[in-house]
1. Mind listing just one residue for me: the one in region 280-300 that is of a type in the set (A, V, I, L, M) and more than 22 Å from Gly28 (Cβ to Cβ) and, of those, surrounded by the fewest Cβ atoms within 10 Å (Cβ to Cβ)?
2. Go through region 243-252 and give me each residue that's buried (at least 24 other Cβ atoms within 10 Å of the Cβ) and not basic (Lys, Arg).
3. Can you tell me which residue within region 136-193, out of those that are under 18 Å from the mean Cα position of the chain (by Cα) and among the charged types (D, E, K, R), is surrounded by the fewest Cβ atoms within 10 Å (Cβ to Cβ)?
4. Here is a list: Thr116, Thr64, Thr94, Thr53. Which entry is without any contact (Cβ under 8 Å) to a residue 60 or more places away in the chain and of a type outside the set (Asp, Glu)?
5. Restricting to region 154-199, name every residue that is basic (Lys, Arg), out of contact with any Leu (no Cβ under 7 Å at 6 or more places or on another chain) and modelled with pLDDT under 85.
6. With under 23 Å from Gln373 (Cβ atoms) and without any contact (Cβ under 8 Å) to a residue 40 or more places away in the chain as the only criterion, which of Phe312, Phe266 stands out?
7. For region 169-191, how many residues meet the condition of being in contact (Cβ under 8 Å) with a residue 40 or more places away in the chain and out of contact with any helix residue (DSSP H, G or I) (no Cβ under 7 Å at 6 or more places or on another chain)?
8. Scanning for something under 14 Å from Gln391 (Cα atoms) and among the small types (Gly, Ala, Ser), does region 266-282 turn up at least one residue?
Amino acid sequence: MQLLTAIKTRKISPEQLFMISVLAVNGGNYLYNLILGRVLGPAQFADAAVLITFLLVLSFIAMTFQLVTAKFSVLFENSVFANFIAKVYKRAFTVGIILGLLIIAFAEQLQALFNTSSSTMFVIFGCGVPLYFLMSVNRGTFQGKKAYKTLSITYQGEMLSRLLITLGIILVFNIKSSWVIALGIILSFVFGLFPFKFKHISYKKSIPLEGNYSKQIKNFFLLTAFYELTQIIINNSDILLVKHYFDAYEAGLYASLALIGRIVYFIAWMFVMLLLPAVVELKKEGKETASVLFKYVGYIAIISIIIVMVCFGFPELIIQLLFGEAYIIMAPLLWKYALATSMFAISNIFAYYYLSLDKYVPVIISGVFGILQMVLVIFYHDALEQVVHMQIVAMLLLLAIQIGFFIIDSKTKKKDLI
């Protein structure tokens, strides 16, 4: 309602502008995936889904650098910030090169593992990995400084270029190959880099940060890296395991289900981007932070309920409109997958909240249940329905424990104040 009022009065805050932009980016990414699903069909879309999943995995790894950059962009100023950001760029680019070379070197093994039609798509994808890490650090500076207009431009550039380039090649030249998807992805990284803060990259020998600063950065980096690993497991292991255990046709069907059902998570990500700098700033000023958590949990809960109800009431219509008749068999599972994703999205807000406060227990909890979800799917995958049920079990337990931790932590804080 606040957003609608702001639009009507033409007074849109930077945060609201970013929310609108993220919704547009998510819409564009959905359009990209939906067109691929319709044009390629279930079997070929399964290959595309592997690349899209690799992109999501890459985004979670790079998100470690983005969140570290965002947090300390709030805390550091002047020369300390300049020295810090130069170091982050160098290390992020180095990690990107290493990961890119590993993907290229093991391209044939990845092809065999995920039953894809070509290894070339992994080689092309690997070439773009270093760019993605530079892009993520750049975004982290905008996020931390709350430059949401500029941050929006980088996301819009990445989404629009990937959509236009990939679909342009497929539709104009009628080339329906997995390497086209990979090429579109890495070219979108180039567009996503801009606007780029070249002044933050220094080729001079950097001055070591003070011991206290270095310790803070190291601890937060390790904590964030571990949490992003849990995100990778929870958010992507099901698609990769289904691609491994099921044939290409069923894997393509499941990919369409996952794409629709994950809309809750991608909306939740928008609130996470706003939550972290807000919580860090409030903590820095010595103010209470729980109200920020309640606000975003409330938003996600309302959105989740609406999406699950719509998926329950009109599953066949949704799949028919978005993917077509070829995918209609997945209709009965749509609301169940949306339910699992909704519980994950809400628990994710709790975890990022405590991550902002440098508390590690919720992060460990997420890691445990990420592994539990993967283990359950490995042992119980007789049918796609069973895979979805295993995720519901894992995510229900995760959400219950995250809420329980918050209640216990809140009571402990109140006792300490008495």
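1. Here the residue is Ala290.
2. Ala251, Gly252
3. Only one residue fits best here, namely Arg162.
4. Testing whether each residue is without any contact (Cβ under 8 Å) to a residue 60 or more places away in the chain and of a type outside the set (Asp, Glu) leaves just Thr94.
5. Listed by number, the residues that qualify are Lys197, Lys199.
6. Phe312
7. 2
8. Checking region 266-282: not a single residue is under 14 Å from Gln391 (Cα atoms) and among the small types (Gly, Ala, Ser).
The values are calculated or read from the model by the stated rules, or taken from the named source; none is laboratory data. Not measured: the values here are computed from a predicted model. Reconstructed Cβ throughout: ideal geometry from the backbone, glycine too, with neighbour counts over all protein chains shown.
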